[in-house]
1. Any chance you could count how many residues in the range 56-109 are farther than 16 Å from GLN139 by Cα and either of a type in the set (Gly, Ala, Ser) or not in a helix (DSSP H, G or I) (or both)?
2. In the range 115-133, what residues are of a type in the set (D, E, K, R) and more than 18 Å from LEU63 (Cβ to Cβ)?
3. Report the residue count in the range 112-163 for those that are surrounded by 13 or more Cβ atoms within 10 Å (Cβ to Cβ), more than 18 Å from the chain's Cα centre (by Cα), among the basic types (Lys, Arg) and modelled with pLDDT of 90 or more.
4. Given the conditions (1) surrounded by fewer than 16 Cβ atoms within 10 Å (Cβ to Cβ); (2) at pLDDT 90 or above, which single one is not true for HIS3?
5. Please go through (1) among the acidic types (Asp, Glu); (2) under 22 Å from GLY56 (Cβ atoms); (3) over 19 Å from the mean Cα position of the chain (by Cα) for GLU77 and return the number of the only condition it doesn't satisfy.
Amino acid sequence: MTHHTLRQPRHLLVALLLACVAGTLHAEPQKNAPPADSLMPGKGMNQQAMEQQQNGMMDQLALNEKQRELFKTATKEKMASMHDVMDVHEKLREMSQSDTYDEKKARELLRSKNKEVEDGIIKASKSMHEFYKSLTPEQKTKLNDMHSKMREKMKEHMRDDMKANRKGHMGPQGAEKNDDKDE
């Protein structure tokens, strides 16, 4: 990790969060699977929803037992690292909403958590590498296609959210309501 990145811990945490979310939620929705939003931190993530999403992805990729175990381990570690990032983000949000803002305290929080978060991300990344190495060329192609589709969906969702926020509403539902009025 470069010194530039270490001097920018807030940017690091945001980047890590986005990478974790993008990498973890890469399966296409399955029949009877929970909506993707139910897997997002702060949106009612639960064990059953995560297992359904994992099973759907494992089925799509036709993973063998060894690959399934590697995938489950990698996903578990990735989620743990994402929760570490979310915990820091939540503490920073609380600090920003307090009556007074203590920048020194915020920087201390980031410095203290940076190594922990970095270690978790590296651990998860190594696990994902082991999983990826276990895949056949066909499975790798399918996984990469799934990642691309999910990234596009996430970009679209973010554009919808940004559009809705500019109009004073939160979430894609607000954007849809406003779009109807604008047209």
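1. 11
2. Correct list: LYS115, GLU116, GLU118, ASP119, LYS123, LYS126.
3. Adding up the residues that qualify gives 2.
4. Condition (2) is where HIS3 drops out.
5. (3)
The values are calculated or read from the model by the stated rules, or taken from the named source; none is laboratory data. These numbers come from a predicted model, not from an experiment. Counting neighbours? That spans all protein chains shown, and the Cβs are built from the backbone with ideal geometry, glycine included.
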